[in-house]
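Chemist: My structure is below; once you've seen it, I'll send some questions.
What follows draws every value from the coordinates through simple rules; no lab data is involved. In this text, all values refer to a predicted model and were calculated from it rather than measured experimentally. Cβ placement follows ideal geometry from the backbone for every residue including glycine, while neighbour counts extend to all protein chains displayed.
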Amino acid sequence: MIRKIAVNLCRAVLGATLVFSGLVKAVDPLGTQYKIRDYLTAIGLPKTGDWLTLGASVGLSALEFCLGVFLLLAIRRRQASRAALGLMLVMTVISVWLVIANPVQDCGCFGDAVRLTNGQTLGKNIVLTVCAAVLARWPLLMTRFIGPKWQWIVTHAALIGIIGFSLWCLYDLPVADFRPYSKGTDLRKALRDDAEIEKYLDFSIEDMRSGRDLTDSILAVRGAVLLLVAPQLERASDENFGEIDRLHEWASDEDVPMYCLTASGDKAIRRWIDLTGAEYPFCRTDETTLRTVIRSNPGLLLLQDGVITGKWSHHRLPAPETLENQIKQHNKLKK
């Protein structure tokens, strides 16, 4: 009886952790991709294609989520428990390396939702590995919650659901934003009071022509500002540049300043202007910061009185009417 209680307690702890870990990775596949690149760079492997690292990101989130669901519902108990033990052994070895070599400051286990030090990551993985070992030793003591004929349905629903969720968050934007530039963030206050917090340290907007720092003047604008964010213009999607140009025309008519923030150089900017006919000014901002601000290349931000009130992927750019309504709503709340 005591053994069965211990097994099912380990099942609950490990299963819930894997479901949560898989979900927060699926919410932000690009963030997980960036972390995978950091690991590959740290071990000295040559730079791989974006599709490979992105596929690894989606695959890892799907693996963790599905294993967690299988453990919680006791689906394929033997195979799931062995797979979980293998996964946790690999993760524990990696976390030992992180503690010894310290190549990456944050493991990325839970994306941006929960940040752990390398030491905390090792402790967590040791506990979870013990739980996985208990389950692998006595898998049949896990209590089943669904019958065998439902297991096939749940297995495929979990796999299709988590991959579909990842792809949607790639197409649009993460449905939950745990980063320091989420909607509702007051950048004026953040840069004043939280300037020493990592990720706010490198936030600056520099005029590409004059080299003048425009950060304070842009954030000090009373009213709306549109920021087109493109970490790398040479890799930015230009399929919706017509909509971007229409937004710029609307912004010009409404006296709403619009800037493009990028980390690219003059050559990439000139190519972008040739391709799209862009007439908005370009400003330089740190690439990592821009990737943190929005998971889209390009993406659009609406600032109002220094507050981020809107974020859009280039796949789902807003109509001018949407911006007008959002600006009016913000102005009403100010009164």
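Chemist: Spin-label point model (7 Å from Cα, Cβ direction): what's the Met1 to Gln79 distance in nm?
Modeler: 3.5 nm
Chemist: Rank the residues Tyr171, Tyr34, Tyr259 as a footprinting-exposure proxy: fewest other Cβ atoms within 10 Å of their Cβ go first.
Modeler: Tyr171, Tyr34, Tyr259
Chemist: Could you order the peptides 115-121, 248-254 from most to least packed, using the average number of other C-beta atoms within 10 Å per residue?
Modeler: In descending order of packing, they fall as 115-121, 248-254.
Chemist: Assign unit charges at the C-beta atoms only (+1 for Lys and Arg, -1 for Asp and Glu), then state the dipole size of the chain relative to its Cα centre in Debye, rounded to the nearest 20.
Modeler: 2360 debye
Chemist: Now for a separate question. Can you sort Asp106, Asp186 so the residue with the fewest Cβ neighbours within 10 Å comes first?
Modeler: Fewest to most other Cβ atoms nearby, the residues stand as Asp186, Asp106.
Chemist: Expressed as an acute angle from 0 to 90° and rounded to the nearest 10, what is the orientation of the C-alpha long axis of helix 29-42 relative to the principal long axis of the chain?
Modeler: So the helix axis and the longest Cα principal axis differ by about 80 degrees.
Chemist: Which entries in Lys189/Lys311; Lys199/Lys334; Lys199/Lys267; Lys199/Lys328 show an alpha-carbon gap greater than 24 Å?
Modeler: Over 24 Å apart, Cα to Cα: Lys199/Lys334; Lys199/Lys267; Lys199/Lys328.
Chemist: If I model a spin label as a point 7 Å beyond the Cα along the Cα-Cβ vector, how far apart are those points for Arg222 and Glu321 in nm?
Modeler: Each label point lies 7 Å from its Cα, and together they span 3.1 nm.
Chemist: Can you give the helix-only mean residue ellipticity at 222 nm for the chain, where every DSSP H stretch with n ≥ 4 adds -39500 (n - 2.57) and the sum goes over all residues, rounded to the nearest 500 deg cm²/dmol? Walk me through the numbers on the way to the answer.
Modeler: Working: 12 runs with 191 residues, N = 335.
Computed ellipticity for the chain at 222 nm equals -19000 deg cm²/dmol.
Chemist: Something else now. Going by the alpha-carbon gyration tensor, a ≥ b ≥ c the square roots of its eigenvalues, is region 187-334 rounded (a/c under 1.5) or, if a/c is not under 1.5, prolate (a/b greater than b/c) versus oblate? Could you put the intermediate results ahead of the total?
Modeler: Numbers: a/c = 1.58, a/b = 1.06, b/c = 1.49.
Judged from the Cα gyration tensor, region 187-334 comes out oblate (a/c at least 1.5, b/c at or above a/b).
Chemist: If I build a Gaussian network model for the chain, linking alpha-carbon pairs within less than 10 angstrom, which residue out of Pro139, Pro148, Pro281 has the largest mean-square fluctuation?
Modeler: Greatest mean-square fluctuation among the candidates belongs to Pro148.
Chemist: Projected onto the charge dipole of the chain (+1 at Lys/Arg Cβ, -1 at Asp/Glu Cβ, origin at the Cα centre), which of Trp152, Leu302, Tyr181 gives the Cα projection farthest towards the positive end?
Modeler: Sorting the options by dipole projection puts first Trp152.
Chemist: Among [x] 20.4; [y] 23.6; [z] 18.6, find the value of mean projected area of the Cα convex hull in nm² that was calculated from the structure presented, and write down its label.
Modeler: Working out mean projected area of the Cα convex hull in nm² from the coordinates points to [x].
Chemist: Okay, next question. Compare the peptides 299-311, 260-272 by average per-residue count of other Cβ atoms within 10 angstrom and give them in order, highest first.
Modeler: Numbers: 299-311: 20.7, 260-272: 17.9.
Ranking, from highest mean packing down: 299-311, 260-272.
Chemist: Say the dipole of region 69-141 comes from +1 at the beta carbon of Lys and Arg and -1 at that of Asp and Glu; which of Val90, Thr121, Asn102 then lies farthest toward its positive end?
Modeler: Result: Val90.
Chemist: What percent do you get for the relative contact order of the chain when only Cα pairs under 8 Å and 6+ apart count?
Modeler: With pairs under 8 Å counted, the relative contact order is 18 percent.
Chemist: Pull out the extension gain between Gln329 and Val114, defined as 0.36 nm times the separation in residues minus the alpha carbon to alpha carbon distance; nm, one decimal.
Modeler: 74.2 nm
Chemist: Okay, moving on. Report the full-extension gain for the segment Asp207 to Gln151: residue separation times 0.36 nm, less the Cα-Cα distance, to one decimal in nm.
Modeler: Extra length available between Asp207 and Gln151 comes to 14.4 nm.
Chemist: Please give the charge dipole size of region 166-325, origin at the Cα centre, charges +1 on K and R Cβ atoms and -1 on D and E Cβ atoms. Round to the nearest 20 debye.
Modeler: 360 debye
Chemist: If you average the alpha carbon positions of region 1-39 and of region 129-148, how far apart do those two centres end up, in angstrom?
Modeler: Answer, in whole Å: 16.
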